[in-house]
1. Do you know which residues across the stretch 214-237 are open to solvent by less than 20 Å² (accessible area, probe 1.4 Å) and closer than 23 Å to R291 by Cα?
2. State whether one or more residues within the stretch 289-307 are on the phi > 0 side of the Ramachandran plot and either in contact with a Ser or Thr (Cβ under 9 Å, 6 or more places away or on another chain) or part of a loop (DSSP other than H, G, I, E, B) (or both).
3. Quick check: anything in the stretch 215-233 under 25 Å from Y91 (Cα atoms), of a type in the set (D, E, K, R) and part of a helix (DSSP H, G or I)?
4. In the stretch 283-321, which residues are small (G, A, S) and either under 19 Å from I98 (Cβ atoms) or open to solvent by less than 40 Å² (accessible area, probe 1.4 Å) (or both)?
5. For the stretch 88-196, which fully contained strands (runs of 3 or more DSSP E) count at least 1 residues that are polar (S, T, N, Q) and buried (at least 23 other Cβ atoms within 10 Å of the Cβ)?
6. So if I check each of T248, T326, which one is within 20 Å of I98 (Cα to Cα) and modelled with pLDDT of 90 or more?
7. Can you tell which of V256, V331 is crowded, with 17+ Cβ neighbours inside 10 Å, free of Cβ contacts under 8 Å to residues at least 60 places away in the same chain, out of contact with any strand residue (DSSP E or B) (no Cβ under 8 Å at 6 or more places or on another chain) and β-branched (V, I, T)?
8. Among (1) open to solvent by 20 Å² or more (accessible area, probe 1.4 Å); (2) in contact with a helix residue (DSSP H, G or I) (Cβ under 9 Å, 6 or more places away or on another chain), which single condition is C266 missing?
Amino acid sequence: MFKSDLQNCNSSFAKNTVIYNRILDNCSIKVAVHTMADATEVLNNVKDYYGKVLQSSSDLKTQACVTPGKALNKYVTSAISDVHPEVTARYYGCGLVIPPGVQGARVLDLGSGSGRDCYALSKLVGKSGEVVGVDMTSEQIDVANQYIQYHTEKFGYDKPNVSFVQGYIESLVGAGLQPNYFDIIVSNCVVNLTPDKKAVLSEVYKVLKPGGELYFSDVYADTELSDEIRKDKVLWGECISGALHWSTLHSLAKEVGFSKPYLVTCSPINIDREDFKQVLGGAKFCSATYRLFKLPEKYKKVSGGQVIYNGEIPGHEDTFQFDYKTELVLVTPRVCQVKW
């Protein structure tokens, strides 16, 4: 039942509603444990894959890291088009991780790679905002750092509002990032690459401000993956072998202290290579974008709330799609009930 739904998950929001509800109602809550004994080996393999094996997006062997997300508004399209071509050429992502309404925000990008999303965000947050990218791969950090001045001048800023830190997303505070500092944290097809997803979410929670948001795209599986799949280095590097089961995100978010995850978009990932299909068996995969919130303490026990949308988000003056099933419409008076 679930697998057939997943194959059609991008056909309409109506079908997405059925999929999402069945996921929450029917799947068992399990915490995926990576089967490689040495997590350092996993990280080194990923660094090698993204630093040496892949030189551009054309070197990818599956569509997992190039699956499109939702349609872009004119502001995001313009920001992405202004990013330097070399930075864009080394971009790997499975969705769109630029939430609306980021003007003046402090944004952290997990696994920022060559810096495409960081530079697009640099334009969108404006000169009063700040963007930090963190990545463990020196080759990617080197590419990103080369174009700081280029984009500073391109956007007409007096000084850079973007910087890059080489470090591990499993240890953000250890990489020098301040606790309770960022308004928004984004990630584009990166969490699946880490052997310790809970550590990543825990570190994200630490450096987010109360009221802050984790807005990220990643790859998810419709089943718990076997040891054989988990140990495939190429499929791990292609963002497949490290994919979480849908339910695991919900359990980990709750353990760490986040709000429930809100599904924004979902698109199926097609695996075309026969050798990969043989390893994966009947497992199905999709790219999904979620938003999670670090609620202030006073709101953690509140079961719901009311929102009046004033239309002040650029590009969303008439309507704002909070998640796949909640649309806020500029109608006076318009009161929308939101379940946290």
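The values are calculated or read from the model by the stated rules, or taken from the named source; none is laboratory data. Model, not experiment: these values are computed from the prediction. Ideal geometry is used to build each Cβ from the backbone, glycine not excepted, and the neighbour counts take in all protein chains shown. The area values use the complete protein model at the heavy-atom level, side chains included, leaving out ligands, DNA and RNA. Shrake-Rupley method; radii C 1.70, N 1.55, O 1.52, S 1.80 Å.
1. L214, Y215, F216, S217, D218, V219, Y220, A221, D222
2. Within the stretch 289-307, none of the residues are on the phi > 0 side of the Ramachandran plot and either in contact with a Ser or Thr (Cβ under 9 Å, 6 or more places away or on another chain) or part of a loop (DSSP other than H, G, I, E, B) (or both).
3. Among the residues of the stretch 215-233, at least one is under 25 Å from Y91 (Cα atoms), of a type in the set (D, E, K, R) and part of a helix (DSSP H, G or I), which makes the answer yes.
4. A283, S287, A288, G304, G305, G311, G315, listed by residue number.
5. Values: elements: 106-110, 130-135, 162-166, 182-188.
Filter on the stretch 88-196 gives 182-188.
6. Selected residue: T326, the only one of T248, T326 that is within 20 Å of I98 (Cα to Cα) and modelled with pLDDT of 90 or more.
7. After applying the criteria, what remains is V256.
8. (1)
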